[in-house]
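The values are calculated or read from the model by the stated rules, or taken from the named source; none is laboratory data. Just so it is clear, the model here is predicted, and its values are computed rather than measured. In this analysis, Cβ positions are derived from the backbone assuming ideal geometry, glycine residues included, and neighbour counts consider all displayed protein chains. Accessible surface areas use protein heavy atoms only, side chains included; no ligands, DNA or RNA. Shrake-Rupley method; radii C 1.70, N 1.55, O 1.52, S 1.80 Å.
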Amino acid sequence: MKAGDLYLETIQRSDDALRRAVAGLSTDELRNQPAGAGSNPIGWLVWHLTRTRDSFVTGMAGTPTIWEADGWGEKFGMQGEPPRFAPENVNTFDPKDFETLMGYFHSVAEKTAEVVRDLDESDLDRMIESTMPGRPPRSVGARLGIILDDNIQHVGQIAYLRGLMRGHGWF
Amino acid sequence: MEGAEILKDGLTRINRSLHRSLADVSSEMLSKLPTPDTNSMAWLVWHLTRVHDSHLADLIGGPELWVSEKWHEKFNMDPDDSNTGTGHTTEQVAAIKVDSSDVLLGYADVVLARTIPYLEGLKSADLDAEINEPQWDPLPTVGTRLMSVILDNGQHAGQVAYLRGYFEGLGWQRV
């Protein structure tokens, strides 16, 4: 199994876990903050993990983000660059509805497969400049590692929040 | 970069995340439950490490450190190597208590330390070796089994981080 295939299978299993954890959630549940004011709601977590992945994956491919290319800003009612979300304003994030939120996720998941499927081991060692000022360049493999860790941890949080809202035994 | 390096990177990141989340956490917070039927930070870290230890021992073909290095004693538990926490009741979850995060991180660290040289010795073809567990179709491979550990451990590490924020309030990770 090629390293890229192994990676793709892992992140796709994480994606399946995400789909199970959000299945059938209402818009209210996507906005709910069971851990209190300032805590991250499921909707924001899905959006954030998708945005992070969008930026890293399209950065590797050297193409505009799916967010920009497919006009997701408009669909989420955001003008220009999204605000920087922090505990103080995370409650202002609007997930719109399940279809919009998961539609963006689905597009980025497809793009991930397209970009990662063709990578071979030497591609993983290719260095990429960071788009953030002051950050060191990283290899494609390291960037993929960051996305995987970020996504899996947030999926775990989403699953936990679902359990908090709906009680145990949902999965 | 080879497949085994991706796995090593993933498991190392999870371990670092656990160290950040558990730094200076009191034993009270470790066993606190947000609601009666949820999982505590202590249970989550114990469970994810049990899963890792158990799968690694199977792959290596040796005993679990839980038994061979007597980690069960540090948790005041039986040396039952089939107990990884899966299917635990609310009472069993609440029973996992530790005096400090040292024992949780100590166990996680030794299991990771055993994993690294194992991964470094794997070739790409080794990851494709099938594991004889006919209850699964297709059969798991060494690669997919290690991915399962990352998926399980990574999700639980995310939950531990979330719980710290839950109990401690905003911005703990900015420090």
Inset, instruction - Give region B:149-173 a look and list any residue that's more than 8 Å from every other protein chain (Cβ to nearest Cβ) and under 13 Å from A:S14 (Cα atoms), or say none. - result: B:V149, B:D152, B:N153
Inset, instruction - Output the number of residues of region A:74-121 satisfying the condition of being farther than 17 Å from A:G62 by Cα, of a type in the set (D, E) and free of Cβ contacts under 8 Å to residues at least 12 places away in the same chain. - result: 3
Inset, instruction - State whether the residues of region B:66-79 include one that is crowded, with 20+ Cβ neighbours inside 10 Å, more than 14 Å from chain A (Cβ to nearest Cβ) and over 22 Å from B:E168 (Cα atoms). - result: yes
Inset, instruction - Output yes when any residue across region A:53-62 is outside any loop (DSSP other than H, G, I, E, B), modelled with pLDDT of 90 or more and among the β-branched types (V, I, T), and no when none is. - result: yes
Inset, instruction - Could you grab me the full set of residues in region A:114-169 that are within 11 Å of chain B (Cβ to nearest Cβ) and in a loop (DSSP other than H, G, I, E, B)? - result: A:L119, A:D120, A:D125, A:R126, A:G167, A:H168, A:G169
Legend entry - Qualifying position, being within 14 Å of chain B (Cβ to nearest Cβ) and either more than 27 Å from B:W172 (Cβ to Cβ) or of a type in the set (K, R) (or both), among A:M78, A:M60: A:M60
Legend entry - Any hit, region B:14-36, residues being within 14 Å of another protein chain (Cβ to nearest Cβ) and free of Cβ contacts under 8 Å to residues at least 40 places away in the same chain: yes
Legend entry - Selection within region B:20-32 - assigned to a helix (DSSP H, G or I) and closer than 14 Å to B:Y162 by Cα: B:R20, B:S21, B:L22, B:M29, B:L30
Inset, instruction - Kindly indicate whether any position in region A:81-91 is open to solvent by less than 50 Å² (accessible area, probe 1.4 Å) and at the interface with chain B (Cβ under 9 Å from one of its Cβ atoms). - result: yes
Legend entry - Within region B:81-175, helices (runs of 4 or more DSSP H) holding 3 or more residues that are within 17 Å of B:M41 (Cα to Cα): B:90-95, B:101-120, B:142-168
Inset, instruction - Only residues in region A:15-42 that are open to solvent by 50 Å² or more (accessible area, probe 1.4 Å) count as the first member; pair them with residues that are in a loop (DSSP other than H, G, I, E, B), Cβ under 7 angstrom, at least 6 apart or cross-chain, and list the lot. - result: A:R20/A:F171; A:R31/A:P41; A:R31/A:P95; A:N32/A:P41
Inset, instruction - Determine the pairs where a residue that is touching a residue at least 12 places away in the same chain (Cβ under 8 Å), located within region B:59-74, has a partner that is basic (K, R) with Cβ atoms under 7 Å apart, the partner being 6 or more residues away or on another chain. - result: B:L59/B:R145; B:L65/B:R114; B:W66/B:R50
Inset, instruction - Look through B:D80, B:D152, B:D126 and report the one residue that is out of contact with any strand residue (DSSP E or B) (no Cβ under 7 Å at 6 or more places or on another chain) and without any contact (Cβ under 8 Å) to a residue 12 or more places away in the chain. - result: B:D80
Legend entry - Odd one out for B:D109 among (1) of a type outside the set (V, I, T); (2) surrounded by 13 or more Cβ atoms within 10 Å (Cβ to Cβ); (3) in contact with a helix residue (DSSP H, G or I) (Cβ under 6 Å, 6 or more places away or on another chain): (3)
Legend entry - Tally of residues being farther than 18 Å from B:D152 by Cα and either open to solvent by less than 50 Å² (accessible area, probe 1.4 Å) or within 7 Å of chain B (Cβ to nearest Cβ) (or both) across region A:1-14: 3
Legend entry - Selection count where residues are out of contact with any Ser or Thr (no Cβ under 9 Å at 6 or more places or on another chain) and either open to solvent by 30 Å² or more (accessible area, probe 1.4 Å) or free of Cβ contacts under 8 Å to residues at least 60 places away in the same chain (or both), scope region A:130-144: 7
